[in-house]
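Step one of this worksheet: look at the structure below.
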Amino acid sequence: NFVNFSIKNKLEMTKSMMDCLCAKATPCVTDCVMAELEKLGSKYRVALRLAKDPRFRRLPCTHKGTYADDCLLQRATQHRCYIVATCDKDLRRRIRKVPGVPIMYISARKYTIERMPEAFGAPRSG
């Protein structure tokens, strides 16, 4: 849904990520996310086409099933080098339980990072 909301908010993903992080970023998409986009059908075909962009790195999955939320949570837990981009409130709640994994989401028509206080665009706490 992050890809789809990016399209709806007219955000160019790679540029918006770099603006938010103030650094070069390579968007990654897992096989499960691609399978989920394909299952959603024609309503999400623009999101699927965007996710197939050569600037996005495809991450292969080795587990059974194609439930993207579990896949992203498992990957974030194993390799804490990723920033998980999602607009799904339930997935955000689950990822918050994993220490050290920042979450990117869309707020006020721009990307925002949660749990990276030094990041530009991070909401001010306190």
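Working only within segment 69-80, note down all residues that are open to solvent by 60 Å² or more (accessible area, probe 1.4 Å) and either within 12 Å of Ile103 (Cα to Cα) or in a helix (DSSP H, G or I) (or both). Explain how you work it out, then say what you get.
Here is the first cut: in segment 69-80, the residues open to solvent by 60 Å² or more (accessible area, probe 1.4 Å) are 70, 74, 77-80.
Answer for segment 69-80, where residues must be open to solvent by 60 Å² or more (accessible area, probe 1.4 Å) and either within 12 Å of Ile103 (Cα to Cα) or in a helix (DSSP H, G or I) (or both): Asp70, Gln74, Thr77, Gln78, Arg80.
In segment 30-58, how many residues are over 16 Å from Glu12 (Cβ atoms) and hydrophobic (A, V, I, L, M, F, W, C)?
Qualifying residue count for the region: 7.
Give all pairs with beta carbons closer than 9 Å in which a residue from segment 8-24 that is within 14 Å of Met104 (Cα to Cα) and in a helix (DSSP H, G or I) meets a residue that is of a type in the set (Phe, Trp, Tyr) and at pLDDT below 90; count only pairs at least 6 apart in sequence or on separate chains.
Within 9 Å, the pairs are Asp19/Phe120; Cys20/Phe120; Leu21/Phe120.
Pairs only if they're at least six apart or on different chains, beta carbon under 9 angstrom, first in segment 86-113 and over 26 Å from Lys10 (Cα atoms) and open to solvent by 50 Å² or more (accessible area, probe 1.4 Å), second modelled with pLDDT of 90 or more and assigned to a strand (DSSP E or B); list them, first residue then second.
Short answer, once both residue conditions are applied: Arg96/Ile103.
Could we say that Ala35 is in a helix (DSSP H, G or I) and in contact (Cβ under 8 Å) with a residue 40 or more places away in the chain here?
For Ala35, the condition - in a helix (DSSP H, G or I) and in contact (Cβ under 8 Å) with a residue 40 or more places away in the chain - is not met.
Scan segment 47-68 residue by residue and report those that are open to solvent by less than 70 Å² (accessible area, probe 1.4 Å) and at negative phi. Let's see the steps before the verdict.
Residues of segment 47-68 that are open to solvent by less than 70 Å² (accessible area, probe 1.4 Å), as a first pass: 47-48, 50-51, 53, 56, 59, 61, 63, 65-66, 68.
Within segment 47-68, Ala47, Leu48, Leu50, Ala51, Asp53, Phe56, Leu59, Cys61, His63, Thr66, Ala68 qualify.
Condition first: in a helix (DSSP H, G or I) and either among the aromatic types (Phe, Trp, Tyr) or within 11 Å of the chain's Cα centre (by Cα) (or both). Now tell me which residues in segment 81-103 satisfy that.
Leu91, Arg92
For segment 47-68, name all the residues that are outside any loop (DSSP other than H, G, I, E, B) and small (Gly, Ala, Ser).
Answer for segment 47-68, where residues must be outside any loop (DSSP other than H, G, I, E, B) and small (Gly, Ala, Ser): Ala47, Ala51, Ala68.
Suppose we keep only residues that are hydrophobic (A, V, I, L, M, F, W, C) and open to solvent by 70 Å² or more (accessible area, probe 1.4 Å) within segment 19-45. Which one would you say is nearest to Tyr67 (Cα to Cα)?
Here the residue is Leu40.
The values are calculated or read from the model by the stated rules, or taken from the named source; none is laboratory data. Given the structure is predicted, the values throughout are model-derived calculations rather than measurements. No Cβ is skipped: glycine too gets one built from the backbone with ideal geometry, and neighbour counts run over all protein chains shown. Each accessible area value is taken on the protein alone, full model and side chains, heavy atoms only, with ligands, DNA and RNA left out. Shrake-Rupley method; radii C 1.70, N 1.55, O 1.52, S 1.80 Å.
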